[in-house]
Amino acid sequence: LRFDHKNHELNLEVIPATSQCDENTKTKALSGGEKSFTTISFIMALGDGLHVPFRAMDEFDVFMDSVNRKISMDLLISFAKQRDHYQFLFLSPQDIKYY
């Protein structure tokens, strides 16, 4: 995270696991699946710092391939089970019968 206090901006930069370099990448340069996975990771990193009773994610997995989608769903479900004092809503146009 990069804070730009002068312009009142918060910029998120990531290093994708598939990257050939060690430089941070602006989110505009990421693929759709990488953006989705980054968003999920960021929300999970916020963890219990957000004191809201509901957490909802809509179509978060649309641009993911099946492998990363399974990893993401497993992480989100595990995350939700550990926080039974919150309510989670995951909306997806994809088939979720295996989760």
tail above 15 Å in the computed P(r) of the chain, as % of all Cα-Cα pairs, reads 67
Measuring with a 1.4 Å probe in the full set of protein chains, what accessible area per residue, in whole Å², belongs to the chain? 75
What share of Cα pairs, in percent, lie more than 14 angstrom apart in the stretch 28-68? 53
Rank-order 3-9, 75-81, 59-65 by packing density, defined as the average count of other C-beta atoms within 10 Å over each peptide's residues, highest first. 59-65, 75-81, 3-9
Counting only residues 5 or more places away or on other chains, whose amide H sits under 5 Å from the amide H of E13 once H atoms are built in the peptide plane? R2
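Computing the accessible area with a 1.4 Å probe over protein heavy atoms, can you report the carbon and sulfur percentage for the chain? Before the final figure, lay out the partial values.
Working: 4110 of 7430 Å².
So the carbon and sulfur contribution to the accessible surface is 55 percent.
The values are calculated or read from the model by the stated rules, or taken from the named source; none is laboratory data. Please read these numbers as outputs of a predicted model, since none were measured by experiment. For neighbour counting, all protein chains shown are included, and Cβ atoms are generated from backbone atoms with ideal geometry for every residue, glycine included. These area figures cover heavy atoms from the full protein model, side chains too; ligands, DNA and RNA do not enter into them. Shrake-Rupley method; radii C 1.70, N 1.55, O 1.52, S 1.80 Å.
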